[in-house]
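Worksheet: one structure, shown below.
The values are calculated or read from the model by the stated rules, or taken from the named source; none is laboratory data. Since this is a predicted model, take the numbers as computed values, not measurements. Here the Cβ is made from the backbone with ideal geometry for all residues, glycine too, and neighbour counts use every protein chain on show.
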Amino acid sequence: MKLVTAFLKLIRWPNLVFIALTQVMFFYCIVLPALNSTGLKPVLSTTMLILLVISYVLIAAGGNIINDYFDLNIDKINKPQKVIVEKYISRRWVIIWHLLLSIVAILINIYISYKTRIIWIAVVAFIVVILLFLYSISLKKKFLVGNVLVSALTAWVIMIVSLIEFNAFSHTSSIDIGGLRKIMRLGILYTCFAFIISLIREVVKDMEDVEGDRKYGCTTMPIVWGLNAAKVFVAVWLIVLIAALVILQLYAFTFGWWISILYAIILIILPLLFIFKKLFIAQSPQQFHALSSLIKLTMFTGIVSMLFFYF
């Protein structure tokens, strides 16, 4: 039982649940209603959607595993109480699990490509696996590169669902274009939200882990620019995100979407303002960890807002 618990922690199961929830909600709350309104049937059947979700959960799990493998020494400094590799699971089995999960994920995407006749689905899955491996061995230590890569891959789990449907129906008549445009507009909207808030969280996590990162030669933003400059970087992106969300609420105001506006203000915008306030006060790893957790929670409430497009 202890081994199972350790494995679930290694793959970061809450993050995997979040990935699955994001893709399922985007499909059923946004894609399906938009296609139904135009009389189109989705390319992704229920089976294909489940397989796509499983494949990206496996890719993320494999990425988390290999990341902990290469981060072992750093984690022993930054979070010794959370170390799984070697303590509960041997390095050899960590590699085996990474390879197994990644290969199964790629094979699933090859099958999806075959059934949907969209070749790039399998190609992108392979590229994502490679990028996560490169991130773990070197890119995460590079200035801003690792942060941008992880943020882009986080956002990609939303965008891929949009692109699969848009790619399949983009050749249809102008009567059907409205629904497709809605899918792409909202796909881009949630992709940008996921990218920006992920980038914010990644830099905050670097602030939390600065001690171990510095010892092992990482060139993350807090190390290269200093803590205060990194805080300014995060603050700028917080302002951009808050401003964009406020503009969206003004747009929603013209339609009288009062419940969604109230939801966005209380559960997304106000938490972001609170994060902005606490950012400049934070100094210790514990304080940055608390901020990181709050950012993650705000990302969750932002994604859950997809429900308003269903109802």
Tell me whether region 111-121 contains one or more residues that are in contact with a strand residue (DSSP E or B) (Cβ under 9 Å, 6 or more places away or on another chain), at pLDDT below 95 and charged (D, E, K, R). no
Any residue in region 126-138 that is at pLDDT below 95 and among the hydroxyl-bearing types (Ser, Thr, Tyr) sitting within a Cβ distance under 8 Å of a residue that is surrounded by 14 or more Cβ atoms within 10 Å (Cβ to Cβ) and not in a helix (DSSP H, G or I)? List the pairs, counting only those 6 or more apart or interchain. Ser136/Asp71
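When you look at Phe143, is it assigned to a helix (DSSP H, G or I) and among the aromatic types (Phe, Trp, Tyr), yes or no? Even if it seems obvious, please write down each step before you answer.
Working: assigned to a helix (DSSP H, G or I): no; among the aromatic types (Phe, Trp, Tyr): yes.
For Phe143, the condition - assigned to a helix (DSSP H, G or I) and among the aromatic types (Phe, Trp, Tyr) - is not met.
Evaluate the following for Ile137: is it more than 23 Å from Leu297 (Cβ to Cβ), in contact with a Lys or Arg (Cβ under 7 Å, 6 or more places away or on another chain) and aliphatic (A, V, I, L, M)?
Details: more than 23 Å from Leu297 (Cβ to Cβ): yes; in contact with a Lys or Arg (Cβ under 7 Å, 6 or more places away or on another chain): no; aliphatic (A, V, I, L, M): yes.
No: the conditions fail for Ile137.
Just to verify a result, which residue in region 16-52, among those that are assigned to a loop (DSSP other than H, G, I, E, B) and among the β-branched types (Val, Ile, Thr), is nearest to Phe309 (Cα to Cα)? Explain how you work it out, then say what you get.
Taking region 16-52 as the starting set, the residues that turn out to be assigned to a loop (DSSP other than H, G, I, E, B) are 37-45.
So of that shortlist, the ones also among the β-branched types (Val, Ile, Thr) come out as 38, 43.
Details: Thr38: 16, Val43: 20 Å.
Out of the qualifying residues, it is Thr38.
Return yes or no: is Gly217 of a type outside the set (Lys, Arg), at positive phi, in contact (Cβ under 8 Å) with a residue 60 or more places away in the chain and surrounded by fewer than 19 Cβ atoms within 10 Å (Cβ to Cβ)?
Yes; evaluated as a whole, the condition is true for this residue.
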Quick check, is Ile197 over 24 Å from Val145 (Cα atoms) and surrounded by 20 or more Cβ atoms within 10 Å (Cβ to Cβ)? no
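Looking at region 256-307 only, could you name the residues that are aromatic (Phe, Trp, Tyr) and touching a residue at least 60 places away in the same chain (Cβ under 8 Å)? Spell out the reasoning first.
Kept after step one, since they are aromatic (Phe, Trp, Tyr), are these residues of region 256-307: 257-258, 263, 274, 276, 280, 288, 300.
Listed by number, the residues that qualify are Phe288, Phe300.
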If we keep only residues of region 70-117 that are under 23 Å from the mean Cα position of the chain (by Cα) and not in a helix (DSSP H, G or I), then the residue surrounded by the fewest Cβ atoms within 10 Å (Cβ to Cβ) is Lys79
Can you tell me which of (1) more than 18 Å from the chain's Cα centre (by Cα); (2) surrounded by 14 or more Cβ atoms within 10 Å (Cβ to Cβ) is the one Gly63 doesn't meet? (1)
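Name the one entry in Ala230, Ala168 that is in contact (Cβ under 8 Å) with a residue 12 or more places away in the chain, aliphatic (A, V, I, L, M), closer than 23 Å to Leu40 by Cβ and assigned to a helix (DSSP H, G or I).
One residue alone meets the criteria, Ala168.
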Go through the residues of region 201-211 one by one and say whether even a single one is in a helix (DSSP H, G or I), at pLDDT below 90 and touching an Asp or Glu at 6+ places or on another chain (Cβ under 8 Å). no
Test each condition in (1) surrounded by fewer than 15 Cβ atoms within 10 Å (Cβ to Cβ); (2) under 21 Å from the mean Cα position of the chain (by Cα); (3) of a type outside the set (Ser, Thr, Tyr) for Ile158 and report the one that comes out false. (1)
Scanning region 22-41 for residues that are more than 20 Å from Phe193 (Cβ to Cβ) and hydrophobic (A, V, I, L, M, F, W, C), the one modelled with the highest pLDDT turns out to be Leu32
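Residues that are in a helix (DSSP H, G or I) and within 20 Å of Thr191 (Cβ to Cβ): does region 252-259 have at least one? If you could, list the steps in order and put the result at the bottom.
Here is the first cut: in region 252-259, the ones in a helix (DSSP H, G or I) are 252-253, 258-259.
Subsequent filtering for residues that are within 20 Å of Thr191 (Cβ to Cβ) retains 252.
Yes, some residue in region 252-259 is in a helix (DSSP H, G or I) and within 20 Å of Thr191 (Cβ to Cβ).
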